[in-house]
Amino acid sequence: MLCFATDRKANVAIIFALTMVPIIFLLGMTLDYTLALRKREQLNAAADAAAIAAVRPAMLTQTTKSVIEDTAAAVFAAKANLPGLAAAPTPTITVSDSGLTRTITVAYTAESVNNFPGVLGKQTWQVSGSATARASSAPNMNFYLLMDDSPSMGIGATATDISNLIKYTSSAYQSAAASQNCGFACHQTDIAHDGGSKDNLAIARQRNITLRIDLVTSAVNQLLNSWSNCPQSGISGGVMQCMAALNNTTYKAALYTFDLGLNELAALTTPTTAGAQVSNISLMPVAYQNCVVVKTNCKTDNGTDIAGALKSLNDKMPNPGLGSNTANDTPQEVVFLVTDGVEDKISATCPNASFASNSRCQQPLDTTMCKTIKDRGIKIAVLYTEYLQLIADPNTGIQKTDNWYMTWIDKYDQPTSSTGKIAQNLQACASPGFYKSVQNGQNISDALTDLFIKVASSTASLVQ
């Protein structure tokens, strides 16, 4: 007996037998728990897909909650019928609308079948989860396109265009005139008064020189008439018609230019009807140097009253609505301003100007009227065609300094045209996020299109 009591030869087998039960229990529990977690991840993905599907642009126009719920449930069911579940789960779907914003929550509870029910003492392991998506439907909008057609928009579109314009307005190509060696295609109606023989705009057209106003016209044409990159087939028209179809919205457009005042090309109408007037965008005519359109007592060649044009447009625009399709609601109102940002006008007060003579005021845009418009709830989008010095010399390649620019404008373009006072004021004029700038030679059409899509689009996002 004593030998048996002290014999340790079989203790490993005994210990192994004693630990086998908890080891099997832990292995079984781990396996079933891991499988349950994997099913939960798959069900969460199904809930995510269902929530996003219910806030797609096409669904945001749907006002019947049962249709929205059925759509989400169908998407969930297609992805949630997994092997290893006691039964396909039925989700609980909650739809909440607030103005243009819709929030969808898809919640579920499911039973993952255990492989070791005897070990765990339970047939299934419960898993649950939810997903919430939120999106704002794209609103109905009225767009007021406000294009600068003042003489400064007659600058050559690229450095080459500027160089060619200076070349072809030199004395070798026309007699002495105040507009000689000019990088601006000023549209002069009384050429002889300056001793010239040709209108600089006519020279630009004759020599196939592209001007900045041509790029603006092309950009508006893409917006209203023709866009080859619409992602939805079968849509005729421009960016505006394409986005209206994609967002299931109604857009209207008005087309204006401005110089000394506001010029109406198309009152608020369909984009297609407004687009028919794009070809009428043209450079403002001047009589001759130091004389605007009228010829009596001419002392200045001012031609850009941005704040005045904004005020005139503000007087025409109604108060904006939410842009929903509910009864008695009205569209949102948006101003699209395309300009080089420098005012050159007759004004009794010129608070920000470095130049003021004969009541002529040259300064970056005074943003007071921008604030007035935005305080009404109207959005402002601004495309800044950067104001740059003309320094091209077609004969020598040596940089020349434009005295007028250096004296009165250069300080507003410091440290760069993208960051100076002109740019700062235009960005302050724009609604948050609705500002873009382009330099000479850059693609104004793409910039205007990108800006429009940013204003018009809505996106869906998962909240959790």
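A short reminder: the numbers here are calculations on the coordinates, not readings from a lab. Please read all numbers here as calculations on a predicted model, not as lab measurements. FYI the Cβ positions are ideal-geometry reconstructions off the backbone, even for glycines, and counts take in every protein chain you see.
The residues packed around residue 198, meaning those with a beta-carbon under 14 Å from its beta-carbon, carry a net charge of 0 if Lys and Arg are +1 and Asp and Glu are -1. Extension gain for residue 78-residue 65 works out to 2.7 nm (0.36 nm per residue, less the C-alpha to C-alpha distance). Restriction of the trypsin sites (Lys or Arg not before Pro) in region 188-220 to DSSP coil positions whose beta-carbon has at most 13 other beta-carbons within 10 angstrom yields no sites.
Estimated at 0.36 nm per residue, the fully extended path between residue 206 and residue 269 surpasses their Cα-Cα distance by 19.2 nm.
Sorting 193, 187 from the fewest to the most surrounding beta carbons within 10 angstrom yields 193, 187. Among the listed pairs 65/316; 374/421; 79/252; 39/454, those whose Cα-Cα separation exceeds 31 Å are 65/316; 79/252; 39/454.
Remark: spin-label model distance residue 319-residue 126 equals 5.3 nm, labels positioned 7 Å along the Cα→Cβ axis.
The slack between residue 87 and residue 38, meaning 0.36 nm per residue of separation minus the straight C-alpha distance, is 16.0 nm.
Paramagnetic label reach from residue 375 (point 7 Å along Cα→Cβ; backbone nitrogen cut-off under 15 Å): within region 300-324, residues 311, 314-315. Computed over Cα pairs, the Kirkwood radius of region 179-301 leads via Stokes-Einstein (0.890 mPa s, 25 °C) to a diffusion coefficient of 147 µm² per second.
Here residue 172 and residue 414 are evaluated by their C-beta separation; at R0 = 30 Å the FRET efficiency comes out at 0.30. Its relative contact order, with pairs defined as Cα atoms under 8 Å and 6+ residues apart, puts region 141-462 at 19 percent.
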